[in-house]
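Here is the structure we will look at, set down as structure tokens.
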Amino acid sequence: MSIYKDYIKEIEERKGQGLHPKPIDSAELLSEIIAQIKDSGNADRSDSLTFFIYNTLPGTTSAAGVKAKFLKEIILGESVVEEISPAFAFELLSHMKGGPSIEVLLDLALGNDISVAKEAANVLKTQVFLYDADTNRLKEAFNSGNEIAKEIIESYAKAEFFTKLPEVAEEIKVVTFIAGEGDISTDLLSPGNQAHSRSDRELHGKCMITPQAQEEIKALQAQHPEASVMLIAEKGTMGVGSSRMSGVNNVALWTGKQASPYIPFVNIAPIVGGTNGISPIFLTTVDVTGGIGLDLKNWVKKLDENGEPIRNEAGEPILEEAYSVATGTVLTINTKTKKLYNGDQELIDISKAFTPQKVEFIKAGGSYAIVFGKKLQTFAAKLLGIDTPLVFAPSKEISHEGQGLTAVEKIFNRNAVGTTPGKVLHAGSDVRVEVNIVGSQDTTGLMTAQELESMAATVISPIVDGAYQSGCHTASVWDKKAQANIPKLMKFMNEFGLITARDPKGEYHAMTDVIHKVLNDITIDEWAIIIGGDSHTRMSKGVAFGADSGTVALALATGEASMPIPESVKVTFKGDMKEHMDFRDVVHATQAQMLKQFGGENVFQGRIIEVHIGTLPADQAFTFTDWTAEMKAKASINISEDNTLIESLEIAKGRIQIMIDKGMDNHNQVLQGLINKADKRIAEIRSGEKPALTPDANAKYYAEVVVDLDIIVEPMIADPDVNNDDVSKRYTHDTIRTLSFYGGEKKVDLGFVGSCMVHKGDLKIVSQMLKNIEKQQGKVEFNAPLVVAAPTYNIIDELKAEGDWEFLEKYSGFEFDDNAPKGEARVEYKNMMYLERPGCNLCMGNQEKAEKGDTVLATSTRLFQGRVVEDSERKKGESLLASTPVVVLSAIIGRIPNIDEYKAAVEGIDLTKFAPPIKELVK
């Protein structure tokens with residue numbers, strides 16, 4: 001059977017799912033389709049034309065190469081297709097974005113046929129995805145006196161690829177759709193358990209919210225054809241949790257507009273809103289697609305006659321509705337006045353959504369085009385020997401004379417590109433920065449690969465020090481979906497230049513370590529900027545930003561990222577940790593104390609948390625920086641003492657060396673290069689030449705939070721509060737309760753020790769607690785299942801060397817076997833301990849979950865509805881988050897312990913301790 005017949009068979013299967021033909025990325029399939037187009041009598045010719053024109057993926061896919069070559073033949077008259085004239089062939093090339101299409105256009109523009117060259121030049125003037133190989137050809141032709149090349153270069157210098165685009169409409173009509181009340185997790189828009197389908201955009205789109213919601217959106221579109229549907233988080237923040245480019249893609253698929261008539265299921269311009277705005281990481285993803293994100297502020301605190309908030313019995317501010325955004329409300333966005341209207345009534349200022357830079361993203365159909373366009377304009381102006389014409393909005397440069405710098409301001413100033421020489425920049429400045437470390441995770445990696453193909457990138461930027469493709473999100477179950485997707489992903493990323501968790505050649509053992517732990521290890525400079533395809537890209541060295549798959553692709557391709565320098569909130573500590581407390585309790589208490597100090601306002605949201613931990617090595621400090629995603633911070637920076645940082649870098653060196661010993665380094669010796677850089681940094685610190693990064697004493701912060709360790713006397717538990725009468729208060733990470741709240745009575749159905757929040761010390765705590773209980777009671781019996789997943793293989797190796805792993809094996813009823821990985825997800829659990837393969841496991845929820853309706857107590861990060869556990873008919877599933885000792889004890893006794901039981905269980909156990917730095921960590 002031919003490849004085409006296989007494709008037709010797949011199309012019939014997809015019809016049964018209500019799906020259109022899958023977009024073509026295969027050169028073999030498209031070559032067969034082209035042969036049928038050339039055969040005028042072929043029975044499949046008509047369908048083949050449709051597939052060729054409307055259903056072939058652009059960029060650097062192998063199919064795009066074949067398509068571009070055939071269009072070149074048509075333009076040159078070497079092939080004649082009645083339905084595709086040379087003019088239409090040029091139009092199709094103009095929508096192919098880059099790579100093979102640019103190569104073909106340059107061939108034609110620099111060729112001998114002047115009329116063809118001029119047509120090709122006109123198309124090239126609209127293109128922005130050019131790389132060094134492309135610009136070098138133009139430069140060479142320009143220097144040789146080629147007039148067409150000169151014409152193209154002059155157009156690029158004027159940025160006509162941008163200036164000739166239609167202006168953003170002055171008025172944009174929207175009709176509202178309440179997608180949910182309270183914070184809306186990206187899991188609602190793109191569920192983790194459907195991660196396998198993300199690269200198939202149409203199929204994945206069917207999982208957004210619910211089928212009923214999708215029908216309501218279609219009904220609104222039919223009722224209001226002049227308006228775009230705006231998805232809203234009522235009384236909450238839109239897009240909390242993961243970055244989820246797939247979430248924005250789904251919103252755009254249902255409510256946006258098609259980017260090109262010749263590229264299927266790639267939509268742009270979604271419009272979203274939230275009472276409390278848009279999560280920072282999600283807003284970046286909205287910008288990628290040229291969308292609009294509105295901070296609606298449609299519910300406000302009710303004030304008394306003195307202007308003070310009126311509070312309820314729980315001490316929480318009472319909210320009142322400022323204006324309605326109920327589903328079906330038609331509103332008008334005015335992009336000139338930057339106001340939101342209901343008819344003639346002005347509702348709110350929305351100027352933050354329409355900064356000059358954001359308007360450019362909207363006009364260009366996304367931020368990529370602006371990033372590449374600016375680089376192209378700079379190249380052209382330099383080649384012409386002229387100053388770059390002012391076309392794009394100048395980057396806002398804010399500098400306050402005499403004001404010191406926060407840690408993030410120092411890092412951004414060091415890594416900035418294209419700023420005014422000698423000018424010191426402060427928060428609010430728009431900055432292009434070089435990126436040092438990039439991470440791609442496996443459930444978004446295929447989309448990152450697609451984005452790289454669509455922007456015609458073929459090799460990692462030399463600016464990037466190191467990049468890693470993980471296998472942690474698909475570690476739990478090696479099922480058919482994983483087997484179909486992951487090897488293809490690893491091959492692509494390995495060839496692109498990343499260090500990959502799985503070896504496409506099969507020579508080294510698969511490493512399913514949690515991506516954040518690996519990125520934390522390969523970050524060997526606290527001045528680094530890290531971009532990663534997951535919201536928990538929150539390293540305890542450097543400043544790390546979780547990002548969508550597109551921003552990750554951009555960082556890999558260009559070695560750069562663009563963003564305003566964020567404001568910072570300084571977090572310091574006073575007092576002493578109690579002996580029975582774990583550092584995880586300090587992390588949760590930080591959030592609770594911050595909310596109390598600021599009257600319920602989350603001052604962390606959208607800002608950098610500059611945490612002065614000082615004395616904790618990177619592994620343990622990561623527990624804090626990781627949780628800042630749940631605090632809704634944009635990122636975090638850990639300020640370390642010199643000796644602590646050296647200790648962290650030495651640990652990182654050892655772990656990178658293990659990766660080298662396994663055979664994971666590539667021909668560029670990226671990993672060895674990181675070790676060399678770590679050695680250099682350690683030498684700088686030891687010599688005093690360049691001590692560990694600290695902020696200036698006179699730096700300015702949005703707020704300062706002092707965490708009192710003395711008042712943290714009980715374990716602190718983050719509770720999803722699933723039965724709160726106020727729906728908007730459910731499934732947030734802001735409800736932090738003491739252990740005694742539960743009175744030693746709340747039943748626990750499953751315990752989970754794992755995810756990026758734990759380190760080697762946590763696994764040793766499990767081992768020590770089990771030994772103690774056996775010593776006290778003669779045996780260990782579990783009254784609830786306990787799932788344990790070490791975040792990395794390194795930790796298991798270290799535990800084996802130190803004698804702890806054998807005790808975990810002794811008490812376990814299941815231990816993972818790399819030689820025989822699970823082929824299907826576990827759906828039922830017994831009251832025993834499971835030693836699972838390193839990776840995300842239950843925290844991700846895309847492969848395995850707890851049983852429906854369970855009450856789960858976990859060390860992980862997520863408590864969103866349906867993530868770790870789904871609801872059952874009998875009760876709501878709930879995932880409470882706590883320290884390792886609380887989780888272990890709860891699984892053993894089958895309920896949350898009381899404080900006396902807890903203290904007895906942890907007596908003599910080496911919990912993760914923390915003592916604040918003795919001296920202030922400033923310069």
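Taking the charge dipole of the chain about its Cα centre, with +1 at Lys and Arg Cβ atoms and -1 at Asp and Glu Cβ atoms, the residue from Trp527, Gln865, Phe161 reaching farthest to the positive side is Phe161.
What net charge do the residues around Asn485 carry, taking every other residue with its C-beta under 13 Å from that of Asn485, with Lys and Arg at +1 and Asp and Glu at -1? Taking every Cβ under 13 Å from that of Asn485, the sum is +3. Of the peptides 880-891, 901-912, 290-301, 755-766, the ranking by mean beta-carbon count within 10 Å, highest at the top, reads 880-891, 755-766, 290-301, 901-912.
Taking Cα centre as origin and charging only the Cβ of basic (Lys, Arg, +1) and acidic (Asp, Glu, -1) residues, the dipole magnitude of the range 479-567 rounds to 420 debye. The long axis of helix 760-777 is offset from the longest Cα principal axis of the chain by roughly 30 degrees. Each residue of the range 690-701 was assigned a 3J(HN,Hα) from its phi angle through the Karplus expression (A = 6.51, B = -1.76, C = 1.60, θ = phi - 60°), giving 8, x, 4, 4, 9, x, 6, 4, 9, 5, 10, 10 Hz with x at Gly and Pro.
Taking the charge dipole of the chain about its Cα centre, with +1 at Lys and Arg Cβ atoms and -1 at Asp and Glu Cβ atoms, the residue from Pro191, Met577, Val266 reaching farthest to the positive side is Val266. Taking a straight Cα-Cα cut-off under 12 Å and skipping sequence neighbours fewer than 8 places away in the same chain, the aspartates and glutamates within cross-link reach of Lys903 are Glu579, Asp582, Glu714. A cut-off of 5 Å between modelled amide H atoms, ignoring neighbours fewer than 5 places along the same chain, links Ile292 with Ile271, Val272. Annotation: peptides 333-346, 512-525, ranked by per-residue average of other Cβ atoms within 10 Å with the highest first, follow the order 512-525, 333-346.
Comparing Cα centroids, the range 195-239 and the range 49-125 end up 35 angstrom apart. Here's the picture: charge each Lys and Arg Cβ at +1 and each Asp and Glu Cβ at -1 in the chain, and of Gly365, Thr738, Tyr4 the one pushed furthest to the positive end of that dipole is Gly365. In a simple Cβ point-charge model (Lys, Arg +1; Asp, Glu -1; nothing else charged), the range 416-493 has a dipole of about 140 debye relative to its Cα centre.
For the set Lys22/Lys297; Lys852/Lys913; Lys164/Lys338; Lys541/Lys800; Lys69/Lys481, the pairs lying more than 31 angstrom apart at their alpha carbons are Lys22/Lys297; Lys852/Lys913; Lys69/Lys481. Using a simple spin-label model with pseudo-atoms 7 Å out from Cα toward Cβ, Phe598 and Val330 lie 3.9 nm apart. Only protein heavy atoms count here; under a 1.4 Å probe, Ser94 has an accessible surface of about 40 Å².
Here is the size of the range 9-153 from its Cα atoms: Rg then Dmax, 16.7, 58 Å. Sequence-distant contacts, meaning Cα pairs under 8 Å at least 6 residues apart, place the relative contact order of the range 242-291 at 39 percent. Which shape class, rounded, prolate or oblate, goes with the range 759-830 when its Cα gyration tensor gives a ≥ b ≥ c as root eigenvalues, a/c under 1.5 marks rounded, and past that a/b bigger than b/c marks prolate? Because a/c hits 1.5 or more and a/b fails to exceed b/c, the range 759-830 counts as oblate.
Shown is the FRET efficiency for Glu650 and Glu13, computed with R0 = 60 Å from the Cβ-Cβ distance and rounded to the nearest 0.05: 0.65.
Debye-formula intensities of the range 526-584, expressed as log10 I(q)/I(0) at q = 0.14, 0.18, 0.19, 0.28 Å⁻¹, are -0.56, -0.75, -0.80, -1.26 (one equal scatterer per alpha-carbon, no solvent).
Placing unit charges on the Cβ atoms only, positive for Lys and Arg and negative for Asp and Glu, gives the range 675-718 a dipole magnitude near 460 debye about its Cα centre.
Antiparallel beta bridges, as assigned by DSSP with both residues in the chain, represent about 30 percent of the total such bridges.
Listed by chain and number, the lysines whose C-alpha is less than 18 Å from the C-alpha of Lys336, apart from same-chain residues fewer than 8 away, are Lys173, Lys352, Lys358, Lys363. Over the chain, Cα pairs under 8 Å with separation of 6+ residues give a relative contact order of 11 percent. In terms of the Cα gyration tensor, with a ≥ b ≥ c the square roots of its eigenvalues, is the range 421-496 rounded because a/c is under 1.5, prolate because a/b exceeds b/c, or oblate? Because a/c hits 1.5 or more and a/b exceeds b/c, the range 421-496 counts as prolate.
Mean separation of Cα pairs under 8 Å and 6+ residues apart, divided by the residue count of the range 406-451: what relative contact order is that in percent?
Reported relative contact order: 34 percent.
At a probe radius of 1.4 angstrom, the accessible area of the chain per residue rounds to 38 square angstrom.
Of the solvent-accessible surface of the chain, computed with a 1.4 Å probe and all protein chains present, 48% belongs to carbon and sulfur.
Between the range 353-424 and the range 769-799, what's the alpha-carbon centroid distance in Å? Using only Cα atoms to place each centre, the spacing works out to 52 Å. Computed over the chain, the convex hull of the alpha-carbon atoms projects to a mean area of 39.4 nm².
Taking θ as phi - 60° and the Karplus parameters 6.51, -1.76 and 1.60, the scalar couplings of the range 733-741 work out to 9, 9, 8, 10, 10, 7, 4, 5, 4 Hz in sequence order, x denoting glycine and proline. In terms of its alpha-carbon gyration tensor, the range 318-420 comes out oblate; a/c meets the 1.5 threshold, while b/c is at least as large as a/b.
Ranked by the mean number of other Cβ atoms within 10 Å of their residues, highest first, the peptides 810-821, 622-633 fall in the order 622-633, 810-821.
The values are calculated or read from the model by the stated rules, or taken from the named source; none is laboratory data. The structure displayed is predicted, hence computed values, not measured ones. A quick note on method: Cβ atoms are made from the backbone with ideal geometry, for glycine too, and the neighbour counts reach across all protein chains shown. Each accessible area value is taken on the protein alone, full model and side chains, heavy atoms only, with ligands, DNA and RNA left out. Shrake-Rupley method; radii C 1.70, N 1.55, O 1.52, S 1.80 Å.
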